[in-house]
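Only one structure is covered here, and it is reproduced in the block below.
The values are calculated or read from the model by the stated rules, or taken from the named source; none is laboratory data. The structure presented is a predicted model; accordingly, all values stated were derived computationally and were not measured. Heads up, the Cβs are rebuilt from the backbone with ideal geometry, glycines too, and the neighbour counts pull from every protein chain shown. In case anyone asks, the SASA skips ligands and DNA or RNA and just uses the protein heavy atoms, side chains included. Shrake-Rupley method; radii C 1.70, N 1.55, O 1.52, S 1.80 Å.
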Amino acid sequence: MSGDRLESPPVTGGGNGVVLQDKKTAPVMLPSQRLRLHPNKDHMPESYEDLQLDFSPSVFRSLEKYLPPNMLSDSREEKVKFMRDILLKYLPHGERTRPLKRELYSMHPVTFFVPSFMKAINDNTEESLRSIISEPSPGVLTFEMLQPRFCELLVAEVENFEAWVNDTKFRVMRPNTMNKYGAVLDDFGLETMLDKLMDGFIRPISKVFFREVGGATLDSHHGFVVEYGKDWDVDLGFHVDDSEVTLNVCLGKQFSGGELFFRGTRCDKHVNTGSQPEEIFDYSHVPGGAVLHLGRHRHGVRATTS
């Protein structure tokens, strides 16, 4: 689940990071009290599942990568206090019940995926995977994946997150440099769930179909939701993704237009060259349906008309 990468902290205060302050005094801006601007991708966060916390353990895992370098070796208790202070300072008391749909934050395959997808993954053979996947255009794989209930839960969680962002006037990272609307799923605690999605369900497919680009060894993701509509982004121009493999899944709701279009795979030097007839392919998304393709496969999204 990857696209154009744009790293930024999940919680920010102004342009210089988060500053802690005593309510009785003026703010003191100490470098050691700020979150990093970019995550430490080599750092392996600790587990917080066994602690009684105000927020989801996955939120602490996500935030830990943005801790100041000098704190990464501190005790778990010191990290929790630092991160909790930040979260409590910038989160109104009435909003501390987030996340809204807690079942999303753990991987529940039976309730997430349609039966045909589950069976193919469980059988774990090339034959079983090919039985559920169509390739209507070279390098573009389509298949049924998500149950309607999961789509509804994720949309509701994103809407809840964005309402909180608007209420608190937070500045958040948008999905990429092209979309102005949407949210990065890691930023509100879904990193662990997406890791399991990639490891257990997407990698087996990419291992069969995209082995030549490292599909068997996918080890990171940039998961996000983008929003298309009258008051959001309307379309998405011709581009390639900064990924080995991209998973694109439609969550709904009702809409017209918004077709994906594909124009073949190219190297960096020939991204804007013309397409052969067999490379030209348009695809109309349906809720729960998935498309898997190389990040280098040129594509875009046509205008949403309603």
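Calculate, for residue 242 and residue 38, the FRET efficiency according to 1/(1 + (r/R0)^6) with r their C-beta to C-beta distance and R0 22 Å; round to the nearest 0.05.
0.90
Could you calculate the contour length gain from residue 305 to residue 46, that is, 0.36 nm times the residue separation minus the distance between their Cα atoms, to one decimal place in nm?
Gain on extension, residue 305 to residue 46, equals 88.7 nm.
Determine how large the accessible area of residue 181 is when every protein chain is in place; take a 1.4 Å probe and give Å² rounded to the nearest 10.
Here the residue's solvent-accessible area equals roughly 90 Å².
A 23 angstrom limit on the alpha carbon distance is what I want to check against. Which of 196/230; 196/269; 41/79 exceed it? Spell out each step's value before the answer.
Working: 196/230 34 Å; 196/269 35 Å; 41/79 17 Å.
Over 23 Å apart, Cα to Cα: 196/230; 196/269.
Starting from the Cα of residue 167, step 7 Å toward the Cβ, then list every residue of the range 53-75 with an amide N under 18 Å from that point.
Correct set: 54-56.
Under 5 Å between amide H atoms, partner at least 5 residues away or on a different chain: which partners does residue 245 have, H built in plane at 1.01 Å?
Counting only residues 5 or more places away or on other chains, the set is 295.
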